[in-house]
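The values are calculated or read from the model by the stated rules, or taken from the named source; none is laboratory data. Treat the numbers as computed from the prediction; the structure is a model and nothing was measured. FYI the Cβ positions are ideal-geometry reconstructions off the backbone, even for glycines, and counts take in every protein chain you see. Each accessible area value is taken on the protein alone, full model and side chains, heavy atoms only, with ligands, DNA and RNA left out. Shrake-Rupley method; radii C 1.70, N 1.55, O 1.52, S 1.80 Å.
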Amino acid sequence: MSNAATDNGQLYKTACTLMPGGVNSPVRAFGSVGGSPRFIDHANGSTMTDVEGNRWIDYVCSWGPLILGHAHPAVVDAVQQAAVKGLSYGACHRYEITLAELIQKHMPHMQMLRLVNSGTEAAMSAVRLARAATGRSAIIKFEGCYHGHADSFLIAAGSGALTFGTPSSPGVTEGAAKDTLTATYNDLASVEACFKTQENNVACVIVEPVAANMGVVLPNEGFLQGLRKLCDQYGALLVFDEVITGFRLGLGGARVAFGVTADLTVLGKIIGGGMPIGAYGGRKDLMQQIAPTGPVYQAGTLSGNPVACAAGIATLSILENENPYPKMQRLAQMLSDGTKQNLNDAGIPAALNQIASMMTLFFGIESVTSYAEVMKADAKLYGRYHAAMLQAGVYLAPSAFEAMFVSAAHTEDDIQKTLDAQKNAFKSIA
Ligand code: HOZ
């Protein structure tokens, strides 16, 4: 049977006959960095091992959910215990209440929330609610920000859409495109200009408080506060997409990190501890407009799945009880300081954007605070760097426009090994 193959090349060949590009999500393909994807056999702590026995220190961490590392024993145990009690009920259960309470404890502005199956679903539902609540149809999003693959977000989108050169995807209707206004991240004047084009018709501004899908780009001082003000001035809702930043910047997310409170917040990734999940929530008066208390329809067979909730509860409980944030911050700092030193030694110009345990290295440019600067980064050089690091036992995102994550399972030894590998990688690409 082909799926018993222990050869990456053979598996990729078979996968390509079955799935577009051999993958189930474009960002997993190695097209933009050269080469072909590795097929993972197992993963544990900070490492992943492929079917050929190659082992890597992993900084993708499943694109963010694995803040505790791969297969954390307490999370696996919680999943096993939940699974034997039933994989899905399509009915109410206690796990969903416990998870909602845990989220709300740290994000009290999510006065009510709804659990769904992915970040895409959560973002698309939050925007539907914003439109219904305001009676307006347009939304403002930012170039290079990614909110999942619903039609209205695939305009100037980040992540795989940017990596593979289709930031505005075919298949999105003119109507959907017309209702999505795009502004420039960190540029409040561009947001105000969008508001002015459709003065009384903007339902919401949706933003990643720290952009992380065009690589990590930090909000300038006052940017998020400025968005809050503009939304209030023009009667629009502010939606924070915290699918990546939620429980990554700290337990309280962007509200605590930046002191700005959104009307609606979108979560995913970490709150499911590696199982499929998403959530959206916010002001009670808004959330009560969701069916069945209100007329705004949104539903899901597997929403609030008990096994996913159990993984999320275990993950958030560990984050709360063990507080690994200072450790992750220290390791991320060690990685970022060491990387800057290595870049300097190799004479490679680059910008390194870091916040908490997430970062992105942009080659060929000194500083990156905007989408325009992201687009000036040397993605080809990143491809060569990626290949050299993969060869040396470090698994980085196969795209120049993604975040790299340090988890609580990474160790000082992992970081030192990474920096040693990087020294040689930089020499080979300089
Ligand atoms: N936000 C993730 C990457 N930036 C999405 C992962 C995916 O598209 O598979």
* To do: Arrange the residues 285, 263 by how much accessible surface each exposes, largest first, with a 1.4 angstrom probe.
  => 285, 263
* Would you please give the FRET efficiency between residue 151 and residue 413, computed as 1/(1 + (r/R0)^6) with r the Cβ-Cβ distance and R0 = 45 Å, to the nearest 0.05? => 0.50
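Going by a ≥ b ≥ c, the root eigenvalues of the Cα gyration tensor, does segment 205-252 fall in the rounded group (a/c under 1.5), the prolate group (a/b larger than b/c) or the oblate group?
prolate
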* To do: Within 10 Å, count the other beta carbons around each residue, average over each peptide in 93-103, 78-88, and list them highest first.
  => 93-103, 78-88
* Structure fact -> At R0 = 41 Å the Cβ-Cβ FRET efficiency linking residue 420 and residue 105, nearest 0.05, sits at 0.50
* To do: Apply the Debye scattering formula to segment 120-160, with a single equal point scatterer on each alpha-carbon and no solvent, then give log10 I(q)/I(0) at q = 0.23 Å⁻¹.
  => -0.74
* To do: For 52, 221, 121, 208, give the ranking by accessible area with the largest first, probe 1.4 Å.
  => 221, 52, 121, 208
* Given charges of +1 on the Cβ of Lys and Arg and -1 on the Cβ of Asp and Glu, with all other atoms neutral, how large is the dipole of the chain about its Cα centre, in debye to the nearest 20? -> 380 debye
* **Calculated SAXS-style log₁₀ I(q)/I(0) at q = 0.11, 0.19 Å⁻¹ - segment 275-391, Debye, Cα scatterers** => -0.68, -1.02
* Name the most mobile residue of 20, 276, 326, meaning the one with the largest mean-square fluctuation, in a Gaussian network model of the chain with Cα contacts below 10 Å. => 20
* ³J(HN,Hα), Karplus 6.51/-1.76/1.60, whole Hz, each residue of segment 327-342, x for Gly, Pro -> 5, 5, 4, 5, 5, 5, 5, 4, 5, 6, 4, x, 5, 4, 5, 5
* Starting from the Cα-Cα distance between residue 375 and residue 42, subtract it from 0.36 nm times their residue separation and give me the gain in nm to one decimal. => 116.4 nm
* For 28, 283, 131, write out the residues from largest to smallest accessible area, computed with a 1.4 angstrom probe and no ligands counted. => 28, 283, 131
* Asked: In the full protein assembly as shown, how much of residue 345 is accessible to a 1.4 Å probe, in Å² to the nearest 10?
  -> 90 Å²
* Highest mean first, what order results for 420-430, 107-117 on Cβ atoms within 10 Å? -> 107-117, 420-430
* Can you work out the PRE-style zone for residue 87? Point 7 Å along Cα to Cβ, and I want the residues of segment 299-315 with backbone N under 12 Å. => 307
* Measure off 7 Å from each Cα along the Cα-to-Cβ vector at residue 176 and residue 80, then give the distance between these two points in nanometres to one decimal. => 4.2 nm
* Asked: For segment 33-145, what % of the accessible area comes from carbon and sulfur atoms, probe 1.4 Å?
  -> 52 percent
* To do: Run the quick spin-label model on residue 97 and residue 3: label points 7 Å from Cα toward the beta carbon, then report their separation in nm to one decimal.
  => 3.8 nm
* Asked: Tell me, what is the per residue accessible area of the chain in Å², probe radius 1.4 Å?
  -> 41 Å²
* Asked: What is the local net charge at residue 138, summed over the other residues whose Cβ is closer than 11 Å to its Cβ (Lys, Arg +1; Asp, Glu -1)?
  -> +2
* Structure fact -> Answer check: segment 1-132, Cα atoms, Kirkwood Rh, Rg/Rh ratio of 1.03
* Asked: Where Rh denotes the Kirkwood radius from the mean inverse Cα pair distance, what is Rg over Rh for the chain?
  -> 0.95
* Structure fact -> Between residue 288 and residue 320, Cβ-based FRET efficiency (R0 22 Å, step 0.05) works out to 0.20
